[in-house]
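Following: one structure in C-alpha cells, then a few remarks.
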C-alpha cells in the first residue's frame, strides 16, 4: 500500500510538472521569469544541497565540473535576471538549515538597464536580509559585479555597488565578498565573449578559483 501511494504521488507530480512546463513555455514572459518558474518546478522534486548559487546568467554559465568543492550544490542562474527576479525566486523557496553557503551574483542587469545604484540599494539590502533570515546557518558570499566591456557606461554604478557589497560583507559575520577588480584592468576584454557581456572560458578560469576557495573555507 505504501508503495502504491508513493508511486501514485510520483506519477501525479510528474504529470503536474509536465503540465506546468507546457504552461511555462506557452506563457509570454521574459527569460528571467521563465527561468524562475522552471527552477521552482524543479525544486518540487526536493533533494539535498548545501551550496546554493543564485543570480544571473553569470551564475548559469558556470561549468558544473568546476564546482567539485561546492557539492552538493544547486545552480540557479536566471537568464536576464533583475534583482526583483532573484528576490522572487528566493522568497518562494523553503528555508533550509542544511544550506551552509550561498553564492550571489545580482545587480548588473539592473544597473546596465539605466538604474542608478541608489535606485537598487534598498532592494539589494532587502534581498540580503531575506537570505540571512531564511538560511540561518549560511555564509552569504557576494560575487562583485564584473566590469563587462560592453557596459562601460554603467561602470561608475558597478563600482558603487561593489563598494557597498564589500562593506556589507566586512561588517557581517556571515558575509564574504569575491573581488572582480581584475575584470576592470587593461586588456580585460580577453576575459569576455564577443558580446562584451558574458565571461568566456578564460574569464571563468579567472573567477572560479575564488569561488572554490570560498566553498572550501566554509
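Taken together, the values in this text are just the output of simple stated rules run on the coordinates, not laboratory data. Remember, predicted model here, so these are calculated numbers, not experimental data.
Centroid-to-centroid, using Cα positions, the range 48-127 and the range 145-160 are 19 Å apart.
Axis angle, to the nearest 10 degrees, between helix 201-217 and the longest C-alpha principal axis of the chain: 70 degrees.
The angle between the Cα long axis of helix 117-134 and the main principal axis of the chain comes to about 40°, on a 0 to 90 degree scale.
Could you work out the helix-only [θ] at 222 nm for the chain, with each DSSP H run of four or more residues adding -39,500 (n - 2.57) and the total divided by the number of residues, to the nearest 500 deg cm²/dmol? Display every interim value, and only then the final one.
Values: 8 runs with 109 residues, N = 218.
When only DSSP H runs of four or more count, the value is -16000 deg cm²/dmol.
Going by alpha carbons, how many degrees (0 to 90, nearest 10) lie between the helix axis of 31-43 and the longest principal axis of the chain? For helix 31-43, the angle is close to 40 degrees. With no solvent and one point on each alpha carbon, what is the Debye value of log10 I(q)/I(0) for the chain at q = 0.11 Å⁻¹? With one equal scatterer per Cα and no solvent, log10 I(q)/I(0) is -0.56.
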